[in-house]
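Quick notes on the structure that follows.
The values are calculated or read from the model by the stated rules, or taken from the named source; none is laboratory data. Because the structure is predicted, anything quoted here is derived from the model rather than measured. In this analysis, Cβ positions are derived from the backbone assuming ideal geometry, glycine residues included, and neighbour counts consider all displayed protein chains. The area values use the complete protein model at the heavy-atom level, side chains included, leaving out ligands, DNA and RNA. Shrake-Rupley method; radii C 1.70, N 1.55, O 1.52, S 1.80 Å.
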Amino acid sequence: MNRNRLPFELPLSAPEILRRRARILSELLAMDAAFSVIPVCGIHESTLRKMLDQYDNLFLQGYLARSYHEIKLTLSSRLISAAGKFVYSRNPYGKLKCAEIRMSQDFLTRLKQGPFALNGLYASTPQEAFLMVFEHELCHAIEFSLYGHTGHSNRFLTLANGLFGHTQTKHSLPTRRAEAAQNGLIVGMLVSFTYQNKTLTGRVTYIGKTVTIMVPSPRGEYRDRQGKRFSKYHVPLSEVRY
């Protein structure tokens, strides 16, 4: 990577990164009451737009606005296994059609007091962790714009480190599966629950917003390799007994 040819300053000093991140965080907290509490209640669309614009202005000298016709920043209720995601699509001629950064509403509203380890750094609050996740996805958008593709290569880490001080590309934010495991519930476990006033017993196959349980049933629509039939149930975590 030729840093002299990049359209923004790189690398930034650690104190300067902290100063700019703190400025953005304080502005977002001041403008959005739902975002400023712990646990976080939510975040307004205008707050997301402010976050994107401020990162572009303070860290990238407006590069994102110049390189993308539009980049969407959304809060996704369906994103539960990852805290954030950069997605894009191309038209039939191979040119960029749209680009989007999706942030997980599930992680944002479940996190409580830190510290949280992510990207080789520590965040003390859910709001700070949210910004660090966004920084990671923002680096994907930057790398894609500069080179036409993105991943977790050394080039990506050079960008993430030079812009935001990240030293790793992974986080240890608690997933729903990890939280359930701390309470003794894991995939493959035999559990029971009540359905239509009957107690049913089956095995856990997935843990997300609800627990997926496969229950033996002579008329079930699912079969295993031995030909045994099962019915699938999606059960709230609070209703699962184990």
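Pull up the stretch 80-106, narrow it to residues that are within 23 Å of the chain's Cα centre (by Cα) and part of a loop (DSSP other than H, G, I, E, B), then point me to the one that is surrounded by the fewest Cβ atoms within 10 Å (Cβ to Cβ).
Top of the filtered list is 81.
Looking only at the stretch 113-164, count every residue that is buried (at least 17 other Cβ atoms within 10 Å of the Cβ) and in a helix (DSSP H, G or I) and tell me the total.
So the count comes out to 29.
Return the pairs, sorted by first residue and then second, in which the second residue is open to solvent by 90 Å² or more (accessible area, probe 1.4 Å) and modelled with pLDDT of 95 or more, the first residue lies in the stretch 88-113 and is of a type in the set (Ser, Thr, Tyr), the beta carbons are less than 9 Å apart, and the residues are 6+ apart or on different chains.
Pairs that qualify, where the first residue is of a type in the set (Ser, Thr, Tyr) and the partner is open to solvent by 90 Å² or more (accessible area, probe 1.4 Å) and modelled with pLDDT of 95 or more, are 104/85; 109/41.
Name the single residue that is most open to solvent (accessible area, probe 1.4 Å) among those in the stretch 174-189 being in contact with a Ser or Thr (Cβ under 9 Å, 6 or more places away or on another chain) and in a loop (DSSP other than H, G, I, E, B).
Going through the qualifying residues, I end up with 187.
What's the total number of residues in the stretch 169-205 that are more than 24 Å from residue 105 (Cβ to Cβ) and among the basic types (Lys, Arg)?
Looking only at that region, the number is 2.
Could we say that residue 192 is among the polar types (S, T, N, Q), surrounded by 15 or more Cβ atoms within 10 Å (Cβ to Cβ) and touching a Leu at 6+ places or on another chain (Cβ under 8 Å) here?
Answer is yes for this residue.
For the stretch 190-229, give me every one of the strands (runs of 3 or more DSSP E) that falls completely inside it and has 1 or more residues that are closer than 25 Å to residue 77 by Cβ and in contact with a Phe, Trp or Tyr (Cβ under 6 Å, 6 or more places away or on another chain).
211-216
Working only within the stretch 61-79, note down all residues that are open to solvent by less than 40 Å² (accessible area, probe 1.4 Å), closer than 20 Å to residue 110 by Cα and assigned to a loop (DSSP other than H, G, I, E, B).
79
Regarding the stretch 2-13, can at least one residue be identified that is in contact with a strand residue (DSSP E or B) (Cβ under 6 Å, 6 or more places away or on another chain) and among the hydroxyl-bearing types (Ser, Thr, Tyr)?
Within the stretch 2-13 (the criterion being in contact with a strand residue (DSSP E or B) (Cβ under 6 Å, 6 or more places away or on another chain) and among the hydroxyl-bearing types (Ser, Thr, Tyr)), the answer is no, since none of the residues qualifies.
Here is a list: 46, 26, 36. Which entry is assigned to a helix (DSSP H, G or I) and either in contact (Cβ under 8 Å) with a residue 12 or more places away in the chain or of a type outside the set (Gly, Ala, Ser) (or both)?
The conditions single out 46.
One residue is enough: does the stretch 28-48 have a residue meeting the conditions under 24 Å from residue 153 (Cα atoms), over 19 Å from the mean Cα position of the chain (by Cα) and surrounded by 18 or more Cβ atoms within 10 Å (Cβ to Cβ)?
No; the residues of the stretch 28-48 include none that is under 24 Å from residue 153 (Cα atoms), over 19 Å from the mean Cα position of the chain (by Cα) and surrounded by 18 or more Cβ atoms within 10 Å (Cβ to Cβ).
Go through (1) open to solvent by less than 20 Å² (accessible area, probe 1.4 Å); (2) among the hydroxyl-bearing types (Ser, Thr, Tyr); (3) modelled with pLDDT of 95 or more and name the single condition residue 13 misses.
It is condition (1) that residue 13 fails.
Mind listing just one residue for me: the one in the stretch 212-231 that is of a type in the set (D, E, K, R) and touching a strand residue (DSSP E or B) at 6+ places or on another chain (Cβ under 6 Å) and, of those, surrounded by the most Cβ atoms within 10 Å (Cβ to Cβ)?
229
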